[in-house]
Every structure is written in C-alpha cells, then in structure tokens.
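Read-outs: derived from the displayed coordinates by stated rules, not from any lab. All values derive from a computational prediction rather than experimental measurement. So basically every Cβ, Gly included, is an ideal-geometry build from the backbone, and we count neighbours across all protein chains shown.
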Amino acid sequence: MTDVFIRSSHHDDPAHPLVEGLIREYDGRYGANSRPGGARSELFRYPSEAFQPPLGDFILLQRDGRTIAGGAFMSHDDETAELKRIWTDGDVRRQGLAERVVAELEVRAAALGYTRAYLTTGFRQPEATALYLKLGYRPLFDVAADPALYRSLPFEKQIGRAAARPDASPVKPPAESLEAATARVAVIKQEQEARILARLTHHGVLAA
C-alpha cells in the first residue's frame, strides 16, 4: 500500500472523486438550493489558476493510484493562504488522512512564503470544526454561540516562519439569526472574490 501526494486541478480526472464527493456532502448537509447553483457552483467559483503555483496549490492524496483525500489553498494576500476543498473518501475516514492533507497544505503554503493559514467550515460540519481545533487553528468566532448564527465558521493559524507568532485577528460576534448570518456571509464572499480575482490579475495569473 503506497500513499503519495500529487498536484492536480478541479478539472483533472483524478480529482473527480474529491469534487463529486464534496458536492454530495455539501448539498446533502445544506440542501442543493441553499446557494445559487448548489455546491457545484461554489466549488467552481474561482478559476483553476487560483489553486496553482505561484499563488496556490491543489493536491490529491492517492493510495495505489486511487484518490482517497485532497485539498487546496489560494492566495488572499502576501501573508494569507486560504485552505479549501479539504476532503476524505468516506471509505477511508478515521485514518488521519485529513490531518495529513492539512499538514501538507501548510508546508506547501509556507514554501510559497505564506505565514498565515485561514479557512472556513460550515455550521453543520462539527467534525471539521473538531479537526481544525485539534490541529491548532484558532476560531475567529464565539465557540459558545450557536454556530448557525455564523453559518460559515472561520479559523486561522500562523505557519512557516511565523509559526511561533500569536494569532491576532479579532473574533467576530454572532449574527441575530441564520438569515442574517447568511446575508453577512454572502457579502463577505462577494468582497473576498473581488479581492482575490484582482490579486490574480495583478500577478498575471489571469488576463486583465
């Protein structure tokens, strides 16, 4: 049995299990109509170039040629990489594969010069929340509040040459309702998308 990390893309055949697995999981937990286009539109929100060096990466963990886990990261700014698409095949969970994927992404992000890892998970994914807490990620939300009042739960962790530096981002207060949280997340995503696409264009990753 041989496990190996390979670089890939959302559009590559080896990534098909990850993409389809995430779509099934997200639509199953949140509903296919919880966002325009369902989980598929969210997974393809950004161009594949956003997840390729020099600004990002997209990796798969393969076991004897079969894709069993994977993840990616993209660039927010010179310091921050956002980890995304963390997935493990349901047949091989509870083997520490997600931890290995996150660790590999942190190493690759640090090698590109990033000093902060940022990520979000959904309010109906308590196992993901537990994983990131276990891996030393600091929640940027009130852990005592109802997670539905955030909808999207953000975390951060200092990596690379800043690994010993304390986290400093403020903790966000909860919204008044799930609907208010959903509206707030939508605005955050729109602003984030504009910044990230502008960054990709600035670095020549996308055509202006």
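Overview of values
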item: Qualifying residue in the range 73-82 (condition: within 23 Å of THR2 (Cβ to Cβ) and touching a helix residue (DSSP H, G or I) at 6+ places or on another chain (Cβ under 8 Å)); result: no
item: Identity of the residue in the range 113-130, of a type in the set (A, V, I, L, M, F, W, C) and surrounded by 19 or more Cβ atoms within 10 Å (Cβ to Cβ), that ends up farthest from the chain's Cα centre (by Cα); result: PHE123
item: Extreme residue, surrounded by the fewest Cβ atoms within 10 Å (Cβ to Cβ), among residues of the range 78-97 that are more than 17 Å from ARG45 (Cα to Cα) and under 15 Å from the mean Cα position of the chain (by Cα); result: THR80
item: Residue tally, condition farther than 25 Å from ARG199 by Cα and hydroxyl-bearing (Ser, Thr, Tyr), over the range 1-58; result: 4
item: Scope the range 23-60; condition farther than 27 Å from GLU79 by Cα and among the hydrophobic types (A, V, I, L, M, F, W, C); matching residues; result: ILE23, ALA32, ALA39
item: When residues of the range 134-167 are limited to those that are among the hydroxyl-bearing types (Ser, Thr, Tyr) and out of contact with any Ser or Thr (no Cβ under 6 Å at 6 or more places or on another chain), the one nearest to LEU178 (Cα to Cα); result: TYR150
item: Filter result for the condition that a residue is under 25 Å from THR201 (Cβ atoms) and of a type in the set (A, V, I, L, M), over ALA98, ALA103, ALA69, ALA111; result: ALA111
